[in-house]
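**Student:** One structure is given below, represented as structure tokens, and several questions about it will come after.
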Amino acid sequence: MSTEETKKQQQVDQVFYTQTTEEVLQNLDTTVNGLTEAEAKKRLAEYGSNELDEGKKTTTFQKILAQFKDLMIIVLIAAAAISALVPNAEGHREWVDALIILAVVIINAIMGVIQENKAEQAIEALKEMSTPNANVLRDGHNITVNSHDLVPGDIVLLEAGDVVPADMRLIELSTLKIEEAALTGESVPVDKELVVLNDSEVGIGDRVNMAFANSNVTYGRGKGVVAYTGMNTEVGKIANMLANADETETPLKRNLNQLGKFLTYAILLIAVIMFFVGTLLNGRGVVEMLLTSISLAVAAIPEGLPAIVTIILALGTQVMAKRNAMIRKLPAVETLGATDIIASDKTGTLTLNQMTVEKLYVDRQVYDKTGTIPTDTLAVKIMNYANDSRFDKEGKIVGDPTETALIQFGLDLGFDVREEVKKEPRVADLPFDSDRKLMSTVHELADGRFLVAVKGAPDVLLNRVSQILIDGQTLPMDEAEKEQILSANKNMAKQALRVLGTAYKLIDAVPSQLVSEELENDLIFAGLIGMIDPERPEAAGAVKVAKSAGIRPIMITGDHKDTAEAIAGRLGIIEPGDDAAVLTGAELNLMSDAEFAANITNYSVYARVSPEHKVRIVKAWQQAGKVVAMTGDGVNDAPSLKQADIGIGMGITGTEVSKGASDMVLADDNFATIVVAVEEGRKVFSNIQKAIQYLMAANLGEVLVLFIATLLGWDTLLPIHLLWINLVTDTFPAIALGMEPAEGNLMARKPRGKNSNFFSGGVMSSIIYQGILEGATVLFVYWSAIKWPAHTALNMVGLSAAELYDLQHADALTMAFATLGLMQLFHAFNVKSVHQSLFTVGFFKNKSFNYAILLSFVLMMGIIIIPGLNDLFKVTHLDAYQWAIVTGASFAIIPAVEIVKFIQRRMGKV
């Protein structure tokens, strides 16, 4: 490492918030007057531009190639190639089969690329957040420079409304407040202080002497020295985590890969067995059996499955969109259904992200917002007067969230500060100061005196009061009164309320010099105000539903431990007061990965955490075999959103960075919407299972018919028959099954587990016995048609024995073809539920399904009934007797499956 690189790394490794101002300036080799232009240019070349790296980008061609890596797709392409290149027993190549298969593959790839192009633009969004300009001191002069040109050692001036351009150690400030919610998740702006922190492991939210890139100055002004730029800032670290985050394999992708492998091995095995049986036992030719085996293999592949799965997922996204869950990546629909853990941010998702007055202590009593609060109390006037909030042109309250909450509380009680200050205007003030923790305003009264309104920290305020207002009377403040006030303050704090005290006094004249020692002493105590960002009213119910569905809700927040614990207790995430279930970021730092993994089930609330902690928590649950959904709205949430199996961004309060890293975005920022989406995801998985069960049972039936018929020397079905059945009776009903409504007990079931697949839950056994039923029924109909031909055929005069046999064989083939097609349509009704009776689920509740069955029936019957088409498909017209056999045999699948389901339910198999 070169000398310059060593110096640069040493600067990056500095922990500036543990150093004094003098040490910081010395270690950054700068002064309070800033760098010279020459030195700034030198450092810019040394440290690089103050912007984020681009990261690797995937080209459209790479995205297209990626769509063809799945085993299922490779098998389909191989099947298309075999169909096109290898002649069948009649010497013809199946070009139609090949074109249909390729069309399905191409459509699937196009839809995949479209979804990928909607994928995250997280780092680009981070770059767009950067402030374009910064006010800096260069050569002792205040100049404006592009923020990209900032370097470590630059002195930057900050004031309200600015976006912090880099990570800085503050060296001067005046009532500086910075909103860091995007980084920490804490909704209240941070009061910055010029202190030296002793703990080098302190979390971002507690580094009160630092200002971080992309945070917003909401109040006051300050001066800081640039400590880190570009990728070395906290935002840069997040960008780096995004770029290097592991791409988690979705359950859907994993299941489809498993299905592809299973089909590949099963089809190859059947083809090999069929080849050797035909050549060794039946004495057929090698070429003939090779072509027959290949035809069987191609017929066994459900070529429409990828498209059907994609369509079912797309239909799921439409339903979710109507319920405020916007899906950005199709597999996320199904992944939601597998969710074991919902790791939710607190602010804005579980809470309203809006500070609200919850309790008021006046006249020795605590009043709750849901009760009757006295409207004439002086405490309400003081909290509105000692307030810097304002109203914009639209009448919206603008300012610090704590102060706007006080104004809104006053309005709710009928106290409109806009009208009151017209009668009692503010004539002077002492702004809030983080050292004295008080704010005061002076108002001129109608009688010529002046009202001093003071609000601030209760413990500080009590040291400044000498009297107390009780029921309109001013009484001396004694120790008993103080103890009662402090007790009320403590009780509110235990409930995670942010408590402010109010006091006042009347003076005859405004002092010539406004100093705290004179203006804020000998006060009269008026009351306490307890505020909190309250939980969403529907959140507790959603948490309860999630728990009943076997899903564990977890709160991960940058807020304080007490606040997180109180909200989690009120929502039912933990038992109220269960301190052991809460883990802070500082405590997590002391745990090894192994120790944390061993104890992860003990914790349901994580407080005061950093972005690295969030990723670590998500990974720990994933390593425990759980499917994790993670919500978030800030820049700090982006890495964990990307790491999670399903990242859920916030549509209203979320940054573009968090939305970009998400698989799903909540249009209403509501935790309850996640639970609704989980239900829809479970329904989608269930419906995909139904479609697969339907397709696989049908294909198994076809394979058994061909396999056994070949062994017996029968010619039951032609390739064109299989193609038409797969096209007509497979596709439309399978898609319609994807639109089945959710079964009633869907959210009473436990999560299916990360290792479950499309064949779990009794689907595999259902495919096997139902496929056998279909195949056996078709073979029986074919055999019976040969054994006991229709009387009309026997009575035909003038036909030779060979002609009569051909006619009987044609009738038998047609009956087998019609039986197979109709049986699959009847069987689609069975698949409406894997285990529930069709009479419970309902025959005709799904209109789309009914129309699909009707359309498939018309297309199936058309080629048998319509003259000309039957010749093209090599089938004959059937008489009433033959149609009765076909219809009865086809319908028999419904009572047969109903009997099996009934036995399974009685035996407790389901």
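Since every read-out is calculated from the coordinates, none of them should be taken as a lab result. The shown structure was predicted, so the numbers you read here are calculated from the model rather than taken from an experiment. Cβ atoms come from the backbone with ideal geometry, glycine included; neighbour counts cover every protein chain shown.
**Student:** What is the set of long-range amide H partners of Asp363 at a cut-off below 5 Å, with H atoms built 1.01 Å from backbone N?
**Tutor:** Counting only residues 5 or more places away or on other chains, the set is Asp471.
**Student:** List the residues whose amide H sits under 5 Å from the amide H of Lys505, counting only those 5 or more places along or on another chain, with H placed 1.01 Å from N in the peptide plane.
**Tutor:** So Lys505 has HN proximity to Val452, Ile524.
**Student:** Which FRET efficiency, nearest 0.05, do Ala880 and Ala667 yield, Cβ-Cβ r, R0 51 Å? Can you show the working numbers first?
**Tutor:** Numbers: r = 58 Å, r/R0 = 1.13.
Efficiency computed from Cβ-Cβ geometry: 0.35.
**Student:** A follow-up question, please. Would you mind ranking Leu519, Leu350 by Cβ crowding within 10 Å, fewest neighbours first?
**Tutor:** Placing the least packed residue first, the sequence is Leu519, Leu350.
**Student:** Which FRET efficiency, nearest 0.05, do Asn135 and Lys396 yield, Cβ-Cβ r, R0 25 Å?
**Tutor:** 0.30
**Student:** From the phi angles alone, apply the Karplus equation (6.51, -1.76, 1.60; θ = phi - 60°) to segment 853-863 and give each ³J(HN,Hα) in whole Hz, x where the residue is Gly or Pro.
**Tutor:** Result, ordered by residue: 5, 5, 4, 5, 5, 4, 5, 5, 6, x, 6 Hz.
**Student:** What is the gain in length, in nm to one decimal, between Glu201 and Trp788 on full extension, counting 0.36 nm per residue of separation less the C-alpha to C-alpha distance?
**Tutor:** In short, 202.5 nm is gained.
**Student:** Now, a different point. 7 Å from Cα along Cα→Cβ at both Arg905 and Ala266: what's the point-to-point distance in nm?
**Tutor:** 2.6
**Student:** Would you please give the residues with an amide H less than 5 Å from that of Asp578, counting only those at least 5 places away or on a separate chain, with H modeled from the backbone geometry?
**Tutor:** The list, which skips near neighbours in sequence, is empty: none.
**Student:** Determine one quarter of the surface area of the Cα convex hull of segment 842-884, which equals its mean projected area, and express it in nm² to one decimal.
**Tutor:** Across all orientations, segment 842-884 yields a mean hull projection of 3.9 nm².
**Student:** With Rg and the Kirkwood Rh both taken from Cα atoms, where does Rg over Rh land for segment 395-498? Could you put the intermediate results ahead of the total?
**Tutor:** Details: Rg = 15.6 Å, Rh = 16.0 Å.
Here Rg/Rh amounts to 0.98.
**Student:** In percent, what relative contact order does segment 394-444 have, based on Cα pairs under 8 Å that are 6 or more apart in sequence? Could the numbers behind the result be given before it?
**Tutor:** Numbers: 38 pairs, mean separation 12.1, N = 51.
Dividing the mean separation by the residue count of segment 394-444 yields 24 percent.
**Student:** Let me ask you something else. So if I take the centroid of the Cα atoms in segment 574-641 and the same for segment 826-892, what is the distance between those two points in Å?
**Tutor:** First find each Cα centre; the distance between them is then 54 Å.
**Student:** How much of the pair distance distribution for segment 356-532 lies past 24 Å, counting alpha-carbon pairs only, in percent?
**Tutor:** 32
**Student:** Lys422 versus Leu280, label points 7 Å from Cα toward the beta carbon: distance in nm?
**Tutor:** 10.2
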